[in-house]
Amino acid sequence: MLMKSTVFDDKILSFKTIGNAGLKEMVPSIRTYIEDKSQPQMLRAQAIYSLRKLARQFPQDVSEI
């Protein structure tokens with residue numbers, strides 16, 4: 001899976017893909033990246049942005065983050 005990649009661009013692409021797909025199962029993984037202060041800001045920002053579609057479909061799950 002792309003989330004296990006160590007390449008920065010692959011991780012960015014995976015968050016974009018998750019956001020477009022609207023996969024509820026990925027909310028815990030996204031949360032982990034958002035809360036991990038050791039991750040680059042750009043990656044954390046993309047993780048937050050990936051929640052945009054998920055927030056419309058699953059507002060309760062996303063509002064906790």
- prompt: Given a 1.4 Å probe and every protein chain left where it sits, what share in percent of the accessible area of the chain is carbon and sulfur?
  reply: 55
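How large is the accessible surface per residue of the range 13-65, computed with a 1.4 Å probe and reported in Å² as a whole number?
65
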query: Each label point is 7 Å from the Cα along the Cα-to-Cβ direction; what then is the distance between the points at Thr17 and Ser29, in nm?
result: 0.9
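First select every other residue whose beta carbon is under 11 angstrom from the beta carbon of Gly22; then total the charges, Lys and Arg +1, Asp and Glu -1.
Net charge around Gly22: +3.
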statement: If each K or R counts +1 and each D or E counts -1, the residues other than Leu54 whose Cβ falls under 15 Å of its Cβ total +3
task: Go through the chain and name the trypsin sites (Lys or Arg not before Pro) that are in a DSSP coil and have 16 or fewer other Cβ atoms within 10 Å of their Cβ.
output: Lys37
query: Leaving out same-chain residues fewer than 8 places away, which lysines sit with a Cα under 19 Å from that of Lys16?
result: Lys4, Lys24, Lys53
- request: Please tell me the relative contact order of the chain in percent, rounded to the nearest whole number, where contacts are Cα pairs under 8 Å and at least six residues apart.
  value: 34
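The values are calculated or read from the model by the stated rules, or taken from the named source; none is laboratory data. Note that this is a predicted model, so its numbers are computed, not measured. A quick note on method: Cβ atoms are made from the backbone with ideal geometry, for glycine too, and the neighbour counts reach across all protein chains shown. When the accessible area is computed, the model is the full protein with side chains, heavy atoms only, and any ligands, DNA or RNA have been set aside. Shrake-Rupley method; radii C 1.70, N 1.55, O 1.52, S 1.80 Å.
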